[in-house]
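Below is one structure, written out as structure tokens; the observations come after it.
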Amino acid sequence: MDLKVSNLEVFLENKRILKNIHLEAHEGEIISLIGPNGSGKSTLVKTISRLIKAHSGEISYSGRRIGSIPTKELARLIAVLPQEKKLNTDLTVEQLVSYGRHPHLSFGNRFGSEDREIVMEAMRLTGMADYWDRSMHSLSGGERQRAWISMALAQQPRFLILDEPTTYLDISYQMEVLELVENLNRSLGITVLMVLHDLNHAWRYSDSIYVLKDGSVHSHGRPGDVIDRNMLKDVFGIDARIYEDTANNCKFFIPGGRTKEGA
Amino acid sequence: METLNIAKKSAVLWAIFAVFILAIFLSLGNGAVKISISEISAAMISEEVTANRQIIWNVRFPRTVAAILVGVALSLSGAILQGIMRNPLAGPNIIGVSAGGGFFGLLILILFPQYFFLVPFGAFVGALSATMVIYLLAWKDGVMPSRLILAGVAISSIFGAGNNALMTFYPERVSGVLGFMVGGLSAITWRDVNMVYPFILTGVAAALLLPGKLNILLLGDDVATGLGMRVERTRLFAIGVSSLLAGAAVSVVGMLGFVGLMVPHITRIFLGSDHRYLIPGSMLMGGTILLLCDTLARVMFAPMEIPVGIIMSSLGAPFFLYLLRKGRGHHGS
């Protein structure tokens, strides 16, 4: 049940955004994509989520080409939370989460009590069960993101793709979301591929990190191996000091300053 | 914000249905000749040929049925378009469907008035081809709603120019087409009704497949794709359904604007944005509002009657603005 990307090339408006991308997401891992703005992280997850068509290369999930899997079936295997999500005014948490059942339903197989149970369970897993009848608009940023994640869980996927799940959230909500993702990964064994902006978060929460620069993979591996002063200088153009966080058994960095223009 | 619960929404739907039935009787009973409810029921049952029975069967009934069909079709068309475009300004008369139908209808009425009976067919073809042109113009690796609306507005304005050109070159024929331009239901016969009802019923049946999909599309194309929906295919189907409905409506009533834009908004204020309620609610509300406006159009200056389009816009628009200002619901985006 691994996801494999090989030799991927993506053009947008005749401009090459991604070239020669190789990526492997092993079952049960949390994989983070990091990289500066414009490095192609979002394009990569969107292509994997079939929101953008690849020009060449292959994306496969447990050995099957993603393009050959019917979109509804794919939605039962892989759930995607894109960055751009819209809400109408009077949507309740339960309603939103119930939309996660869409790939399991068909004309002859309508929403039933079993689906209701799965929706309830999805809300319980994210701690949103008590909020089931609340309007999405009355929720805090972190609660809202948890509700979206419940929707993805209602799809009962094996693989979860999150495009910048913590962007626009206060620091405590960022932690709330990342801890939830980690919990879901540990307890349900769901593989997670996410785009993160904060490098320290990536360091702290990932099993494996892919660093993108100018549309290609700059480096990848375990967080401790990937993040070092040279990479930070090379990819992000910052001079940073790296420290050891003994409590969480991971490293972190504090930027010292920029090393070059426009990076 | 408090969320409407299902029981309350069902109650509102039933209330609209009750007003709808009331509106049917008002429409049947009022006009140049007033007919009481008991006479209406008598005329419906008895075989005896009376003047009132003649009026009811040959004048009032087709007109009432036409008003319902047109109101349902335009409102449904608007509700679907606003749903798939996620844009509160979408409506059959904004995105060019009505303009296309209107132009073809006008073309026949002005250039070939002897073929006036082809007007419904021409309007229908015009509406569908306008939709197709707009869709192709907006296509670029898929259709983005905003581009579709802009293309529609542009096409509308081209057809508008065409209408004005026709009227400028043939000023002596303008009076004959005024009814079609403002939208009216006078002189509707069973023949007109028979011609369009298969299209409208087909459209309604197809629309009933859409509510769940429209709800998911409201979350954005990316989320909908992630949930396994084929977004472009669904959108194309929905646009096809709504242009079928709008085209059929234009062919009976002419260029009746505003219903398609206004009714879904009014319904949304009462029922919220869940399309499982919004779609049937808009249908009932559309039929009701058109019936009431058409009845008013007949009795306001009786025995003279004015085109329903005028009533619709002059009374409907202020009422609509009032509801928008005090309403709590608005379109999500």
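What are the DSSP H helices in chain B that stretch 27 Å or more along their long axis, judged by alpha-carbon atoms, and whose average Kyte-Doolittle hydropathy comes to at least -1.0?
Values: long enough: B:6-29 (35 Å, 2.01); B:61-85 (36 Å, 1.60); B:119-138 (28 Å, 1.90); B:145-169 (36 Å, 1.06); B:231-253 (33 Å, 1.33); B:275-299 (36 Å, 0.88).
Both cut-offs are met by B:6-29, B:61-85, B:119-138, B:145-169, B:231-253, B:275-299.
How large is the Kirkwood hydrodynamic radius of the range A:1-128, counting all unique pairs of alpha carbons, in Å? Walk me through the numbers on the way to the answer.
Values: mean 1/r = 0.0593 Å⁻¹.
The answer is 16.9 Å.
Using only alpha carbon pairs under 8 Å that are at least six residues apart, calculate the relative contact order of chain A and give it in whole percent. Walk me through the numbers on the way to the answer.
Values: 501 pairs, mean separation 62.9, N = 263.
In percent, rounded to a whole number, it is 24.
Within the range B:1-101, which GluC sites (Glu not before Pro) sit in a loop by DSSP and count at most 15 neighbouring Cβ atoms inside 10 Å?
Numbers: sites: B:GLU2, B:GLU39, B:GLU47, B:GLU48; in loops: B:GLU2, B:GLU47, B:GLU48.
Listed in order of number, the matching sites are B:GLU2, B:GLU47, B:GLU48.
Helix-derived [θ] at 222 nm for chain B: sum -39500 (n - 2.57) over DSSP H runs of at least 4, divide by residue count, nearest 500?
Details: 15 runs with 242 residues, N = 333.
-24000 deg cm²/dmol, from helical runs alone.
Report, in listed order, any pair from A:LYS4/A:LYS213; A:LYS85/B:LYS8; A:LYS41/A:LYS233; A:LYS86/A:LYS251; A:LYS53/A:LYS213 with a Cα-Cα distance greater than 26 Å. Mind dumping the intermediate values first?
Numbers: A:LYS4/A:LYS213 19 Å; A:LYS85/B:LYS8 28 Å; A:LYS41/A:LYS233 19 Å; A:LYS86/A:LYS251 36 Å; A:LYS53/A:LYS213 20 Å.
Beyond 26 Å between Cα atoms: A:LYS85/B:LYS8; A:LYS86/A:LYS251.
Using only the alpha-carbon atoms, how far is helix A:113-125 inclined from the longest principal axis of chain A? Give it as 0 to 90 degrees, nearest 10.
Approximately 40 degrees, to the nearest ten.
Across bins of 20 angstrom width beginning at 0, how are the C-alpha pair distances of chain B distributed, in whole percent?
Once binned at 20 Å, the Cα pair distances of chain B give 32, 57, 11, 0.
On a 0 to 90 degree scale, rounded to 10, what angle separates helix A:141-154 from the longest Cα axis of chain A?
70 degrees
What is the distance, in nm, between label points placed 7 Å from the Cα along the Cα-to-Cβ direction at A:ASP133 and at B:MET44?
Here the modelled spin labels are 3.9 nm apart.
Please express the Cα-Cα pair-distance distribution P(r) of the protein assembly as shown as a list of whole percents, one per 20 Å bin, running from 0 to the bin with the greatest distance.
19, 42, 27, 11, 1
For a footprinting-style exposure proxy, rank B:LEU296, B:LEU210, A:LEU33 by other Cβ within 10 Å, fewest first. Walk me through the numbers before you get to the answer.
Values: B:LEU296 18, B:LEU210 23, A:LEU33 26.
Placing the least packed residue first, the sequence is B:LEU296, B:LEU210, A:LEU33.
Counting other C-beta atoms within 10 Å, which of A:ARG229, B:ARG235 has the fewest, and how do the rest follow? Don't skip to the end; give the middle numbers.
Numbers: A:ARG229 14, B:ARG235 23.
Starting with the residue having the fewest Cβ neighbours, the order is A:ARG229, B:ARG235.
Could you grab the relative contact order for chain B? Cα pairs under 8 Å, six or more apart, rounded to a whole percent. Numbers along the way, then the final one.
On the way: 528 pairs, mean separation 103.8, N = 333.
Result for chain B is 31 percent.
Count the DSSP beta bridges whose two residues both fall in the range A:3-227, then state the antiparallel fraction as a percent rounded to the nearest 5.
Numbers: 21 of 38 bridges.
So the antiparallel bridges in the range A:3-227 amount to around 55 percent.
Counting other beta carbons within 10 Å of each Cβ, put B:TYR170, B:TYR115 in order, fewest first.
Working: B:TYR170 15, B:TYR115 12.
With the sparsest Cβ surroundings first, the list reads B:TYR115, B:TYR170.
What do you get for the angle between helix A:171-188 and the principal long axis of chain A? Use alpha-carbon atoms, 0 to 90 degrees, nearest ten.
Approximately 70 degrees, to the nearest 10.
Would you mind getting me the FRET efficiency between B:LYS8 and A:GLU114? Use the beta-carbon distance for r and R0 = 22 Å, nearest 0.05.
Numbers: r = 27 Å, r/R0 = 1.23.
After rounding to 0.05, the efficiency reads 0.20.
Between A:ARG222 and B:ARG147, what is the label-point separation in nm under the 7 Å Cα-to-beta-carbon projection?
Reported label-point gap for B:ARG147 and A:ARG222 is 4.7 nm.
Per DSSP H run of n ≥ 4, the term is -39500 (n - 2.57); total these for chain A, divide by its residue number, and report the mean residue ellipticity at 222 nm rounded to 500 deg cm²/dmol.
Details: 8 runs with 78 residues, N = 263.
After summing the helix terms and dividing by residue count, I get -8500 deg cm²/dmol.
Which log10 I(q)/I(0) values does chain A give at q = 0.10, 0.13, 0.15 Å⁻¹ under the Debye formula, counting every alpha carbon as one identical point scatterer?
These q points yield log10 I(q)/I(0) values of -0.52, -0.87, -1.13.
For the range B:76-96 and the range B:263-333, what is the separation of their C-alpha centers, rounded to whole Å?
15 Å
Compute the Cα gyration tensor for the range B:185-333, then decide on rounded, prolate or oblate, letting a ≥ b ≥ c be the square roots of its eigenvalues: rounded whenever a/c is under 1.5, prolate when a/b is larger than b/c in the other cases, and oblate in all that remain.
Oblate shape, in that a/c is at least 1.5 and b/c is the bigger or equal ratio.
Every number here is computed from the coordinates shown, using simple stated rules; none is lab data. Note that this is a predicted model, so its numbers are computed, not measured. Methodologically, a virtual Cβ is constructed for each residue, glycine included, from the backbone with ideal geometry; neighbour enumeration extends over all protein chains shown.
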